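Below is one structure, written out as structure tokens; comments come after it.
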Amino acid sequence: MRAAVLREVGRPMAIEEVTLAEPRPGEALVRIVGTGVCHSDYHVIKGEWASPLPIVLGHEASGVVEAVGAGVTQARPGDHVVLSFAPNCGQCVDCVAGQPHLCSAYLTVPGGGLLDGTSRLSRGGETIAMFGKMASFAEYAVVAGASLIPIRRDVPLAKAALIGCAVMTGVGAALNTARIEAGSTVLVVGCGGVGLNCIQGARLASAARIIAVDVADDKLAFARRFGATDVVNSRRDDPVAAARALTGGRGVDYALEAIGLKATIEQCYHAVRRGGTAVVVGMAADGVEAAIPARALAGQEKTLKGCFYGSTRPRIDMPRLLDFYADGRLLLDELVTRTYPLERINEAFDDLGRGGVGRGLLLPHGET
Ligand SMILES: NC(=O)c1ccc[n+]([C@@H]2O[C@H](COP(=O)([O-])OP(=O)(O)OC[C@H]3O[C@@H](n4cnc5c(N)ncnc54)[C@H](O)[C@@H]3O)[C@@H](O)[C@H]2O)c1
Ligand SMILES: [Zn+2]
Ligand SMILES: [Zn+2]
């Protein structure tokens, strides 16, 4: 099959003919219908996250189950699925405690392969690593059965790919991680695929005021569409001062960071009121540290939280998000501003880097 292979950081990916092994027991073969272009893949491309090479990236995907290995109970051939990049075991302490996204069985497996640590991708005897337990920048993927999240068949399957990362992470950050209360004030810093979904998560939570921050005016126009009541271009205005000014000097109840930079993480911390909560959703480059005033953390009783994958319980939250979409409450069509065939993957990442898109969507088998 064809897949986009990254052989060197900072270099374009090439479409190569690669070998995808059969699914082993507990795994499934999925025909990839849509796969989104996320900044997490881009961190690897730019060399900001250490990674095995060569690798096939892609961790936000939807498709049709083609075949299942022995013991797969999560879906059947023919099912429409969104893929979870955090396939959880269902039995460890974290899973049983209701935090499947922090499953110790999955999180202790080194990157580059599936749950047994090995990759199903190769070319002429050379192993090719798989990103996000998925490697969806390809025509097909072999994934853990636990990655299969069956979804309703009456929603557009390609676009449903975005539920697999950006939508789940952003909406989940607002609803599950921050648990935004109705009537509260919210700051969202960074209005890319993840940040726009933090904004619509805050809207779904009935936040009274949603202040969006970005450095690009076109992103701020998107932000208004997704529910922002106020926008701040941080190239022109200081977002912390703006957040205070818009909340009568108090600071916001919640601030969500969706970029992964030291400066914007610190902005979010400073923008929240005494007793407020700052949530870091953006994932920084390796080695980055942020500085927090230590005494004020206690004295002002602020909460600083991380958010992985929108604190998702994939089997509950992902189908629910598609119900919200079918009910007209969740914007998904508006997010997909451009689609690309697999051959144009490098262009899709250039667009992500330039900031010209809500979310780019690759269609490995073309329009369906
Ligand atoms: N926590 C998780 O589980 C999780 C899941 C998915 C993605 N992520 C991370 O979330 C981050 C965002 O991903 P994305 O795909 O939305 O990226 P993106 O590139 O689509 O969006 C980033 C946005 O930030 C804006 N921006 C850049 N620098 C800025 C600054 N200094 N001030 C204000 N705005 C600025 C850009 O204009 C852009 O709109 C990445 O770090 C990604 O790795 C985390
Ligand atoms: Zn992602
Ligand atoms: Zn587990």
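The values are calculated or read from the model by the stated rules, or taken from the named source; none is laboratory data. As the structure is a prediction and not an experimental result, all values here were calculated from the model. In this analysis, Cβ positions are derived from the backbone assuming ideal geometry, glycine residues included, and neighbour counts consider all displayed protein chains. Protein only, heavy atoms only, side chains kept; ligands, DNA and RNA dropped before computing areas. Shrake-Rupley method; radii C 1.70, N 1.55, O 1.52, S 1.80 Å.
Conditions tested, residue by residue: (1) within 16 Å of ligand 3 (Cβ to nearest atom); (2) among the basic types (Lys, Arg).
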| residue | (1), (2) |
| --- | --- |
| ARG123 | no, yes |
| ILE128 | no, no |
| LYS133 | yes, yes |
| TYR140 | no, no |
| THR169 | no, no |
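Would you confirm whether any residue within segment 214-235 is acidic (Asp, Glu) and buried (at least 24 other Cβ atoms within 10 Å of the Cβ)?
yes
In segment 133-144, the count of residues that are farther than 23 Å from MET283 by Cα, open to solvent by 10 Å² or more (accessible area, probe 1.4 Å) and away from ligand 2 (no atom under 16 Å from the Cβ) is one or more. Got at least one residue in segment 194-210 being within 13 Å of ligand 2 (Cβ to nearest atom) and among the β-branched types (Val, Ile, Thr)? Yes, some residue in segment 194-210 is within 13 Å of ligand 2 (Cβ to nearest atom) and among the β-branched types (Val, Ile, Thr). Residues that are surrounded by fewer than 16 Cβ atoms within 10 Å (Cβ to Cβ) and closer than 19 Å to MET130 by Cα were ranked within segment 91-108; the one that is farthest from ligand 2 (Cβ to nearest atom) is THR108.
Answer yes or no: is there a residue in segment 78-98 that is more than 16 Å from ligand 3 (Cβ to nearest atom), over 20 Å from the mean Cα position of the chain (by Cα) and under 13 Å from ALA28 (Cβ atoms).
Filtering segment 78-98 down to residues more than 16 Å from ligand 3 (Cβ to nearest atom) leaves 78-83.
Still in the list and also over 20 Å from the mean Cα position of the chain (by Cα): 78-79.
Applying the additional criterion that residues be under 13 Å from ALA28 (Cβ atoms) yields 78-79.
Yes, because at least one residue in segment 78-98 is more than 16 Å from ligand 3 (Cβ to nearest atom), over 20 Å from the mean Cα position of the chain (by Cα) and under 13 Å from ALA28 (Cβ atoms).
Quick one: would you say ARG315 is surrounded by 16 or more Cβ atoms within 10 Å (Cβ to Cβ), closer than 29 Å to ARG31 by Cβ and touching a Gly at 6+ places or on another chain (Cβ under 6 Å)? No, not satisfied.
What strands (runs of 3 or more DSSP E) completely inside segment 1-90 contain at least 2 residues that are of a type in the set (Asp, Glu) and open to solvent by 10 Å² or more (accessible area, probe 1.4 Å)? Please lay out each step first, then the result.
Working: elements: 2-5, 14-17, 27-36, 61-68, 80-83.
The strands (runs of 3 or more DSSP E) meeting that bar are 14-17.
On the given criteria, is TYR325 away from ligand 1 (no atom under 16 Å from the Cβ), open to solvent by less than 70 Å² (accessible area, probe 1.4 Å) and either in contact (Cβ under 8 Å) with a residue 12 or more places away in the chain or over 25 Å from GLU181 (Cβ atoms) (or both)?
Details: away from ligand 1 (no atom under 16 Å from the Cβ): yes; open to solvent by less than 70 Å² (accessible area, probe 1.4 Å): yes; either in contact (Cβ under 8 Å) with a residue 12 or more places away in the chain or over 25 Å from GLU181 (Cβ atoms) (or both): yes.
Yes; evaluated as a whole, the condition is true for this residue.
Of all residues in segment 91-115 being among the polar types (S, T, N, Q) and in a loop (DSSP other than H, G, I, E, B), which is nearest to ligand 1 (Cβ to nearest atom)?
GLN99
Filter segment 116-130 for residues that are outside any loop (DSSP other than H, G, I, E, B), in contact with a Ser or Thr (Cβ under 9 Å, 6 or more places away or on another chain) and open to solvent by 40 Å² or more (accessible area, probe 1.4 Å); which is farthest from PRO314 (Cα to Cα)? Ranking the candidates gives ARG123 first.
Filtered by the rule that a residue be among the charged types (D, E, K, R) and in contact with a Pro (Cβ under 7 Å, 6 or more places away or on another chain), segment 70-93 gives a lone residue, ASP79.
Would you call LEU352 crowded, with 18+ Cβ neighbours inside 10 Å and closer than 21 Å to ALA212 by Cα?
Values: crowded, with 18+ Cβ neighbours inside 10 Å: yes; closer than 21 Å to ALA212 by Cα: yes.
Against the criterion (crowded, with 18+ Cβ neighbours inside 10 Å and closer than 21 Å to ALA212 by Cα), LEU352 qualifies.
Tell me whether segment 289-309 contains one or more residues that are assigned to a helix (DSSP H, G or I) and within 16 Å of ligand 2 (Cβ to nearest atom). Taking every residue of segment 289-309 in turn, at least one turns out to be assigned to a helix (DSSP H, G or I) and within 16 Å of ligand 2 (Cβ to nearest atom). Checking the structure you have, find out if any residue of segment 112-124 is closer than 24 Å to LEU321 by Cα and touching a residue at least 40 places away in the same chain (Cβ under 8 Å). So far as segment 112-124 goes, no, none of its residues is closer than 24 Å to LEU321 by Cα and touching a residue at least 40 places away in the same chain (Cβ under 8 Å). Scanning segment 298-312 for residues that are within 23 Å of the chain's Cα centre (by Cα) and buried (at least 21 other Cβ atoms within 10 Å of the Cβ) gives CYS307, TYR309, GLY310, SER311, THR312. Quick check: is even one residue across segment 158-171 hydroxyl-bearing (Ser, Thr, Tyr) and in contact (Cβ under 8 Å) with a residue 40 or more places away in the chain? For segment 158-171, residues hydroxyl-bearing (Ser, Thr, Tyr) and in contact (Cβ under 8 Å) with a residue 40 or more places away in the chain: present. Hey, does segment 129-152 have a residue that's touching a strand residue (DSSP E or B) at 6+ places or on another chain (Cβ under 9 Å), without any contact (Cβ under 8 Å) to a residue 24 or more places away in the chain, more than 16 Å from ligand 1 (Cβ to nearest atom) and not aliphatic (A, V, I, L, M)? For segment 129-152, residues touching a strand residue (DSSP E or B) at 6+ places or on another chain (Cβ under 9 Å), without any contact (Cβ under 8 Å) to a residue 24 or more places away in the chain, more than 16 Å from ligand 1 (Cβ to nearest atom) and not aliphatic (A, V, I, L, M): absent.
If the condition is being part of a strand (DSSP E or B) and over 17 Å from LEU342 (Cα atoms), then segment 131-153 contributes VAL142, VAL143, ALA144, LEU148, ILE149, PRO150. Within segment 245-264, the set of residues being away from ligand 1 (no atom under 16 Å from the Cβ), more than 15 Å from ALA173 (Cβ to Cβ) and either touching a strand residue (DSSP E or B) at 6+ places or on another chain (Cβ under 7 Å) or touching a residue at least 12 places away in the same chain (Cβ under 8 Å) (or both) comprises LEU246, THR247, ARG250, GLY251.
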